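Read through the structure below, which is laid out as structure tokens, and then see the notes.
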Amino acid sequence: MIQTTLVAAHRVNIHRRFGLFVFGLACLMVILGLLAGANLLVRNFAPRGMDARTFYVIPFSEMVMFPILVFLAYRARKDPAAHKRFILIATVALLGVAFTRFHVALLYRTIFPALCASYSFLLLLALYDLWSTRKLHRATGIGSVLVIGVGLLRFPFALTTAWQVFAAWVQSHSRWMA
């Protein structure tokens, strides 16, 4: 909200300086997100219909997608339309697990409806692009393909032996968090 307000107030110079600070916070957030995901794994937390090791692929993959999208936003800082879209899509990439915590019957502790709810923001962004410019913005396409593509591929990947072994390793080495 601060960043948007700064740009609207034509204080782009402050927006840019504050953006570097926020970029550092995003890096810290990735570390904390990975630790939070490992903590869920140690506590055997998983939404309904999933085991903890399989569920761990979601926070882990979100913490991989988020910095990629933030980096793309950073690279596109001289293209305001792309920059805004990549930042928005980076935020959307983190919403899936957050929506499972909403005390709404359809979303609460159910990952697939929660992911669909988060993907609805990508659909709204694409519809905005089509309405405002009559075409899909390149950043919207790239970011949405990344988020939805990873979203579709992570579940089959989570069932592989390689992932299960990795998740078990993280779980055993993260017991200090319990």
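Points to keep in mind about this one:
- Beta carbons closer than 6 Å, at least 6 apart along the sequence or on distinct chains, pair a first residue in the stretch 18-37 that is over 19 Å from residue 57 (Cβ atoms) with a second that is surrounded by 14 or more Cβ atoms within 10 Å (Cβ to Cβ) and modelled with pLDDT of 90 or more for 26/70.
- Of the residues making up the stretch 120-133, those that are closer than 16 Å to residue 100 by Cβ and surrounded by 18 or more Cβ atoms within 10 Å (Cβ to Cβ) number 0.
- Any chance residue 16 is more than 20 Å from the chain's Cα centre (by Cα) and either among the β-branched types (Val, Ile, Thr) or surrounded by 11 or more Cβ atoms within 10 Å (Cβ to Cβ) (or both): yes
- Filtered residues of the stretch 144-175 (kept if among the small types (Gly, Ala, Ser) and either in contact with a Gly (Cβ under 9 Å, 6 or more places away or on another chain) or part of a helix (DSSP H, G or I) (or both)): 144, 149, 151, 158, 162, 167, 168, 172
- Meets criteria (within 23 Å of residue 48 (Cα to Cα), in a helix (DSSP H, G or I) and among the hydroxyl-bearing types (Ser, Thr, Tyr)) for residue 119: yes
- Selection within the stretch 142-168: residues that are aromatic (Phe, Trp, Tyr) and in contact with a helix residue (DSSP H, G or I) (Cβ under 8 Å, 6 or more places away or on another chain). The member of this set that is modelled with the lowest pLDDT is 155.
- Checking residue 60 against (1) farther than 25 Å from residue 170 by Cα; (2) touching a Lys or Arg at 6+ places or on another chain (Cβ under 9 Å), the condition it does not meet: (1)
- Helices (runs of 4 or more DSSP H) within the stretch 12-114 that include 2 or more residues at pLDDT below 90 and on the phi < 0 side of the Ramachandran plot: 12-42, 95-99
- Selection over the stretch 38-75 of residues that are without any contact (Cβ under 8 Å) to a residue 24 or more places away in the chain and basic (Lys, Arg) gives a count of 1.
- Applying the criterion of being assigned to a helix (DSSP H, G or I) and either in contact (Cβ under 8 Å) with a residue 24 or more places away in the chain or under 27 Å from residue 57 (Cα atoms) (or both) to the residues of the stretch 130-143, the residue that is nearest to the chain's Cα centre (by Cα) is 143.
- For the stretch 103-141, a residue qualifies if it is in contact with a helix residue (DSSP H, G or I) (Cβ under 6 Å, 6 or more places away or on another chain) and of a type in the set (A, V, I, L, M, F, W, C), and the qualifying residues are 106, 107, 114, 115, 117, 121, 122, 125, 126, 136, 139.
The values are calculated or read from the model by the stated rules, or taken from the named source; none is laboratory data. Note that the coordinates shown come from a computational prediction; the quantities given were computed from them, not determined experimentally. Positions of Cβ are generated from backbone atoms using ideal geometry, with glycine treated the same way; all protein chains shown enter the neighbour counts.
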